[in-house]
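Working notes, beginning with the structure itself.
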Amino acid sequence: MGYETLLYEIRAGIAYVTINRPQKLNALNRRAIQELTDCFERVAKAPEAGAVILTGAGEKAFVAGADISELAALTPTGARETALRGQALMDSIEHLGKPVVAAVNGFALGGGCELALACTLRIASVNALFGQPEVKLGIIPGYAGTQRLPRLVGKGRALEIILSGEPISAEEAWRIGLANQVVSLPELIPTAEKAIRKILANGPLAVRYALEAVNRGIEMTEADGEQLEANLFGLCCATADMKEGTRAFLEKRPAKFKGE
Ligand code: COA
């Protein structure tokens, strides 16, 4: 299937998903949400894609938010459906089972910030700006920003960002733990690729279970999260990768993981 709002390709084990509406600063219209949902379903089923780099076309924006021309015409029930569809997409990214790196190459506002929040890591270029400006439009974040932002940066900082509606720089985003790294724009994709290669060198099932332990566990009580961790730790010990990883260490050689 060809996409109207996305570019999608798999190269050397990495799926590259690029939101491609640069003339609208990659704002997420209904079509883009549908196509992203479809695309991440495809990535989930593609054994040749071990990880994803998600970025925006052009040099100005990652995603400048939900498409305001569509928002302006929403009815209350339509708005609720829109929020639920967007939230489902964000959840599918968070629970993809493969690392997703947001390469934030400019504005990450509103739905763009929420999209980056759903990713495993956020690597920003120096020109990136993060923010939740919804209150300036008389609405609140609707793609789970009120839930993921406080979990990532703490309630106090999240409230400051959400209630002021003011954007923060890439440097500030790094300082508060919203961005994992800040690099120059030309270095952005190579840095994301390097981060992914480091992860993909590890046991694939261990990476998957670690993602699950953190992403599911954070929704649970600590005791339930520990139970989940113990179960997944046990599951790791049933894998050939675990036998190979521990044997390779003892034999002082690099491990050759098969994802089995
Ligand atoms: N929805 C729809 N269109 C958007 C958009 C959005 N979220 N963000 C930008 N655009 C469009 C603009 O309307 C403009 O279209 P036009 O050329 O047809 O008029 C085009 O993208 C370029 O944006 P422009 O505002 O001219 O660029 P700028 O560099 O002057 O300003 C921003 C950049 C990001 C500061 C500004 O576009 C902005 O504030 N966007 C909205 C951000 C927002 O509130 N997002 C949350 C939505 S819930």
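Can you pull out the residues in region 234-260 that are in contact with a helix residue (DSSP H, G or I) (Cβ under 8 Å, 6 or more places away or on another chain) and either over 21 Å from Pro47 (Cα atoms) or among the acidic types (Asp, Glu) (or both)?
Once the filter is applied, which keeps residues that are in contact with a helix residue (DSSP H, G or I) (Cβ under 8 Å, 6 or more places away or on another chain) and either over 21 Å from Pro47 (Cα atoms) or among the acidic types (Asp, Glu) (or both), region 234-260 yields Asp241, Gly245, Pro254, Glu260.
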* Mind listing just one residue for me: the one in region 127-153 that is within 12 Å of the ligand (Cβ to nearest atom) and among the charged types (D, E, K, R) and, of those, surrounded by the most Cβ atoms within 10 Å (Cβ to Cβ)? => Glu134
* Ile10 surrounded by fewer than 19 Cβ atoms within 10 Å (Cβ to Cβ), touching an Asp or Glu at 6+ places or on another chain (Cβ under 7 Å), of a type in the set (Val, Ile, Thr) and on the phi < 0 side of the Ramachandran plot -> yes
* Enumeration of residues in region 120-129 that are under 14 Å from the mean Cα position of the chain (by Cα) and under 16 Å from Ala170 (Cβ atoms) -> Leu121, Arg122, Ile123, Ala124
* Quick one: count up the residues across region 110-126 that are touching a residue at least 60 places away in the same chain (Cβ under 8 Å) and within 12 Å of the ligand (Cβ to nearest atom). => 3
* How many residues, within region 163-185, are surrounded by fewer than 16 Cβ atoms within 10 Å (Cβ to Cβ) and not in a loop (DSSP other than H, G, I, E, B)? -> 5
* Name the pairs: first residue in region 232-252 and closer than 24 Å to Asn215 by Cα, second residue assigned to a helix (DSSP H, G or I) and of a type in the set (D, E, K, R), Cβ to Cβ under 8 Å, at least 6 apart or on different chains? -> Leu232/Glu212
* Structure fact -> How many residues of region 20-39 are within 8 Å of the ligand (Cβ to nearest atom) and open to solvent by 30 Å² or more (accessible area, probe 1.4 Å)? The answer is 3
* Condition check for Ala116: more than 20 Å from Pro150 (Cα to Cα) and open to solvent by less than 10 Å² (accessible area, probe 1.4 Å) -> no
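Just checking, which of Leu159, Leu163, Leu129, Leu152 is touching a residue at least 40 places away in the same chain (Cβ under 8 Å) and among the hydrophobic types (A, V, I, L, M, F, W, C)?
Every option except Leu129 fails the conditions.
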* Here are Gly97, Gly86, Gly13, Gly50: which of them is within 12 Å of the ligand (Cβ to nearest atom) and under 19 Å from Cys119 (Cβ atoms)? -> Gly86
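The values are calculated or read from the model by the stated rules, or taken from the named source; none is laboratory data. The structure displayed is predicted, hence computed values, not measured ones. Note that we place each Cβ from the backbone using ideal geometry, even for glycine, and neighbour counts take in every protein chain shown. Surface areas here come from the heavy atoms of the whole protein model, side chains and all, with no ligands, DNA or RNA. Shrake-Rupley method; radii C 1.70, N 1.55, O 1.52, S 1.80 Å.
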